[in-house]
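Everything below concerns the one structure shown next.
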Amino acid sequence: MQRIGVFVCWCGTNIAGTVDVKAVAEALKNEPGVIVSTDYQYMCSQSGQQMIKDAIAEHKLTGIVVCSCSPRMHETTFRKTAASAGINPYMVEIANIREQCSWVHKDMPIGTEKAIILGKAAVAKVNLNAPLTPGESPVTKRALVIGGGIAGIQTALDIADAGFPVDIVEKKPTIGGKMAQLDKTFPTLDCAACILTPKMVDVAQNDKIRIFSYSEVTDVKGFVGNFDVTIRKHARYVKEDVCTGCGACIEKCPMKKVPNEFNLGMDNRTAIYIPFAQATPKVATIDPNYCNMLKNGKCGLCAKVCAAGAIDYTQKDEFIEEKYGAIVVATGFNPISMEKFDEYAYSQSKDVITSLEFERLTNAAGPTAGKLLRPSDGKHPHTIVFVQCVGSRCEACAEKGKEYCSKICCMYTAKHAMLTRDKYPDTDVYVFYIDVRTPGKNFDEFYRRAVEEYGVHYIKGMVGKVTPEGDKLKVQASDLLLNKQLHIDADLVVLAAAIEPDKSARPLATLLTASMDTNDFFTEAHPKLRPVESPTAGVFLSGACQGPKDIPETVSQAGAAASKVIGLLAKDKLTGNPCVAHSDEMMCNGCSSCERVCPYGAITYNDKEFRMPDRTTLIRRVASVNPAVCQGCGACTVACPSGAMDLHGFASSQIMAEVDAICK
Amino acid sequence: MSSKNERLRDEILKRSGVNPKKCMRCGKCSATCPAYDEMEYHPHQFVSMVENGDIEPLINSKGIYRCLSCFACVDRCPRGVEPAKLVEAVRLEVIRKQGANHLTADGVEAFLDGEIPQQAIVSALRKYSK
């Protein structure tokens, strides 16, 4: 029989406001094994912890029940308290009478009754607890960063700076991401390439960083500190280590009508291409969908002109297997499709463009060499209408837009409007807004400058309809402050499209067993206190894959994720979780049910020799669990038909004792 | 808000099924309305006036008959507020005030005979149970 101490916490009024804590302590006194039961205002405080330690010494306690907040909050605290008083930390159980009781009930008698029941269940479990000792696992001192935009680049640089090797996996032929496509950056208006390309060069030159471009993660196994990752390196039909990036192949390639995705299809590239001048790695890639040689074997010009002999039409996808201690997700975002917003005539007119397309139209390396010209006729637009919140804050049209605010549009639209007025003062610029949201250092000042110094017309209201008529775009909109409907003949309409997580994020989350919200943004372990960690141990989040973010925020989060990774990789060993599954070989019937349901690949089957009562031997196939890989999810214990699988710390007998205590 | 206004507002909201609190004041309904200049109260005003119980001016407004019921505002509203349904509900209020159609759903049964098409019975029940 255990000697159990029960400690009921008030949590100020958080618990004591709805639960009669004294009555709970009193009621639990009579439970089997309970030697002492008491209450205190803040059990987690130093004096509260001292109270537990004193009680352990005075009453020679062997088990502790703390009725308090969620174990996610203070389980570690109380385990440490117990350990420091000489009790095995796994002899502590938390009855969650806050989140699962006082916070969800208003009525004191009901809350009190439930708290008592939860306390009884915890006492019943502690009676069956056994001391557990966690194992240790080694840490592979290498990090994987998935995504090579500014988030991934910054994270990789920071990790490498601490001396750990990092691999970046980028699905495009070059790193750089969305930031490489931008022209200027708010609120300082420095050119995006001028501040991004030095970082790209740093990555390329850093001997701790390897770039796997044109590659994807296809499989992830293992657990924190010991991930086994398979990377698929797509065939680019160019030997990466031989190509000098001279561009002779691009000049000679006859297939010149391939939509250039870097310029969002506003101009063309060749079938063999380097996305942009500062691409890293500066290596050509052959697009197999357009290359004549790969499609029908007729051409081969690039191979003929390549002085380095880098072209290899027979190249195949390559699979690389590598071990990592930590994985950082930095898969970024994309603007949503505008095709469904018929009212803005995006599909009908070339002169209705998205803001990212506008970036390319004003970028010196873009399709118009930086001159702001209409995509339809190449003329200079004199009236430009910017529409904010296209698809953002769009609750009613889930199939069209997104419920959330995309956060970055107010600032980049102010930037576009300001730069247009600065470069082309003869242009009328209208911005239709619902709210202007510019929290951030020097952000609101920036927006006000667009209005006050650059004369951008900000109009509170929305555009309802855009109709192409002749070479004009008829814009029908509302001005809510003047209470008028406006009709503007515009030359160019720019839509601030909502942003969404990259499509690769969802399948990646499945591979990583990392959780996502309904919008496919990765969920953080805690929205305030653990913002760069995924709830899955060893998986970290960087940039817009976690939620809409601008560059300053992305860079800070990238650095934060890196510091978390460094903290992990700096350890030589990780203390594991002792609450893992174990199999009773005598009961195991070798059915493999547990192996099939195990999400971590922790269960293997081996043939084992058993000595039978009649002195013969029998070879049976039985399950065994690798405790270093097992995460203690318990799926196998449920799947096991013979009851051979059980979980340390959460044994079936313990769970049943809790259920009995609740139902008593 | 006076109790009369409150009663009127609740009646209009119940009848239309509209929740004006969802409105985020973007004005896309008024931006999209083809009858905008014909109406003294524009779709976006309709929503906030109903929310504030300001129904009398709407009842007395000629503009409610200018609404084409084209539902462009309903289609384009990013928050699913459906202003056109409020206009329809106010029109219904006028009709009922005139006393011409003083029926309840329970009263429909008394008019039933073999001649009335089924569709008419269904729509009468639907109309008067609002």
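The values are calculated or read from the model by the stated rules, or taken from the named source; none is laboratory data. Please read these numbers as outputs of a predicted model, since none were measured by experiment. Here the Cβ is made from the backbone with ideal geometry for all residues, glycine too, and neighbour counts use every protein chain on show. What goes into the accessible areas is simple: the full protein's heavy atoms, side chains included, and nothing from ligands, DNA or RNA. Shrake-Rupley method; radii C 1.70, N 1.55, O 1.52, S 1.80 Å.
Hey, does region A:494-511 have a residue that's more than 14 Å from chain B (Cβ to nearest Cβ), over 26 Å from A:Lys172 (Cβ atoms) and either β-branched (Val, Ile, Thr) or touching a strand residue (DSSP E or B) at 6+ places or on another chain (Cβ under 8 Å) (or both)?
At the first step, the residues of region A:494-511 found to be more than 14 Å from chain B (Cβ to nearest Cβ) are A:494, A:499-511.
Pick out the ones that are also over 26 Å from A:Lys172 (Cβ atoms) and you get none.
Within region A:494-511, not a single residue is more than 14 Å from chain B (Cβ to nearest Cβ), over 26 Å from A:Lys172 (Cβ atoms) and either β-branched (Val, Ile, Thr) or touching a strand residue (DSSP E or B) at 6+ places or on another chain (Cβ under 8 Å) (or both).
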message: Every residue in region A:280-308 that is part of a loop (DSSP other than H, G, I, E, B) and closer than 12 Å to A:Thr270 by Cβ, please.
response: A:Ala284, A:Asp287, A:Tyr290, A:Cys291, A:Cys299
Candidate set from region A:457-489 (those that are surrounded by 24 or more Cβ atoms within 10 Å (Cβ to Cβ) and in contact (Cβ under 8 Å) with a residue 24 or more places away in the chain); member that is farthest from the other protein chains (Cβ to nearest Cβ): A:Leu473
statement: Among A:Leu361, A:Leu264, the single one that is in contact (Cβ under 8 Å) with a residue 24 or more places away in the chain, among the hydrophobic types (A, V, I, L, M, F, W, C) and more than 30 Å from A:Leu144 (Cβ to Cβ) is A:Leu361
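Among the residues in region A:493-511, are any part of a loop (DSSP other than H, G, I, E, B), under 28 Å from A:Ala570 (Cβ atoms) and open to solvent by 30 Å² or more (accessible area, probe 1.4 Å)?
Keep residues of region A:493-511 that are part of a loop (DSSP other than H, G, I, E, B), which gives A:498, A:502-504.
Add one more test, that the residue is under 28 Å from A:Ala570 (Cβ atoms), and what stays is none.
No, the conditions are met nowhere in region A:493-511.
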field: Test: residue in region A:132-150 that is under 30 Å from A:Lys199 (Cα atoms), in a helix (DSSP H, G or I) and at pLDDT 95 or above
entry: yes
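Would you confirm whether any residue within region A:285-293 is in contact (Cβ under 8 Å) with a residue 40 or more places away in the chain and touching a Pro at 6+ places or on another chain (Cβ under 6 Å)?
Taking region A:285-293 and keeping what is in contact (Cβ under 8 Å) with a residue 40 or more places away in the chain, we get A:285-286, A:288, A:291.
When the remaining residues are screened for being touching a Pro at 6+ places or on another chain (Cβ under 6 Å), the result is A:285.
Checked against the condition, which is being in contact (Cβ under 8 Å) with a residue 40 or more places away in the chain and touching a Pro at 6+ places or on another chain (Cβ under 6 Å), region A:285-293 yields at least one hit.
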task: Filter region A:1-15 down to the residues that are hydrophobic (A, V, I, L, M, F, W, C) and open to solvent by less than 70 Å² (accessible area, probe 1.4 Å), then identify the one that is farthest from the chain's Cα centre (by Cα).
output: A:Ile4
- prompt: From the residues in region B:58-70 that are more than 13 Å from chain A (Cβ to nearest Cβ) and in a loop (DSSP other than H, G, I, E, B), which one is farthest from A:Val466 (Cα to Cα)?
  reply: B:Asn60
statement: Contact list, first residue from region B:98-121 and among the aliphatic types (A, V, I, L, M) and modelled with pLDDT of 75 or more, second anywhere and in a helix (DSSP H, G or I) and open to solvent by less than 80 Å² (accessible area, probe 1.4 Å), beta-carbon distance below 6 Å, six or more apart or interchain, is B:Ala105/B:Leu125; B:Ala105/B:Tyr128; B:Val108/B:Ala124; B:Val108/B:Leu125
statement: Taking region A:187-208 and keeping residues open to solvent by 60 Å² or more (accessible area, probe 1.4 Å) and either on the phi > 0 side of the Ramachandran plot or part of a loop (DSSP other than H, G, I, E, B) (or both) leaves A:Thr188, A:Asp207, A:Lys208
All strands (runs of 3 or more DSSP E) inside region A:588-664 with 2 or more residues being among the β-branched types (Val, Ile, Thr), outside the structural domain of A:Asp219 (by TED's automatic domain parsing) and open to solvent by 70 Å² or more (accessible area, probe 1.4 Å): A:617-625
- prompt: Out of region B:20-57, which residues are open to solvent by 40 Å² or more (accessible area, probe 1.4 Å), within 11 Å of chain A (Cβ to nearest Cβ) and part of a loop (DSSP other than H, G, I, E, B)?
  reply: B:Arg25, B:Pro34, B:Glu40, B:Tyr41
message: Looking at region A:38-48, can you tell me whether even one residue there is part of a helix (DSSP H, G or I) and within 24 Å of A:Ala130 (Cβ to Cβ)?
response: no
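Do we find a residue being open to solvent by less than 40 Å² (accessible area, probe 1.4 Å) and either closer than 25 Å to A:Glu395 by Cβ or in contact with a Gly (Cβ under 9 Å, 6 or more places away or on another chain) (or both) anywhere in region B:93-105? Write out each step before concluding.
First pass over region B:93-105, keeping only residues open to solvent by less than 40 Å² (accessible area, probe 1.4 Å): B:93-94, B:99, B:105.
With either closer than 25 Å to A:Glu395 by Cβ or in contact with a Gly (Cβ under 9 Å, 6 or more places away or on another chain) (or both) added as a condition, the list becomes none.
No, region B:93-105 contains no residue that is open to solvent by less than 40 Å² (accessible area, probe 1.4 Å) and either closer than 25 Å to A:Glu395 by Cβ or in contact with a Gly (Cβ under 9 Å, 6 or more places away or on another chain) (or both).
Please go through region A:62-89 and give me each residue that is touching a Lys or Arg at 6+ places or on another chain (Cβ under 6 Å) and over 22 Å from A:Asn14 (Cα atoms), ordered by number.
Here is the first cut: in region A:62-89, the residues touching a Lys or Arg at 6+ places or on another chain (Cβ under 6 Å) are A:62, A:69, A:85, A:89.
Within region A:62-89, A:Thr62, A:Ala85, A:Pro89 meet the criteria.
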- request: May I ask you to verify whether A:Ser392 is assigned by TED's automatic domain parsing to the domain that holds A:Val429 and open to solvent by less than 20 Å² (accessible area, probe 1.4 Å)?
  value: yes
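Just checking, which of A:Asp572, A:Asp550 is open to solvent by 70 Å² or more (accessible area, probe 1.4 Å), touching a residue at least 40 places away in the same chain (Cβ under 8 Å) and over 30 Å from A:Gly643 (Cβ atoms)?
Working: A:Asp550 fails: open to solvent by 70 Å² or more (accessible area, probe 1.4 Å).
Within the list A:Asp572, A:Asp550, the selection yields A:Asp572.
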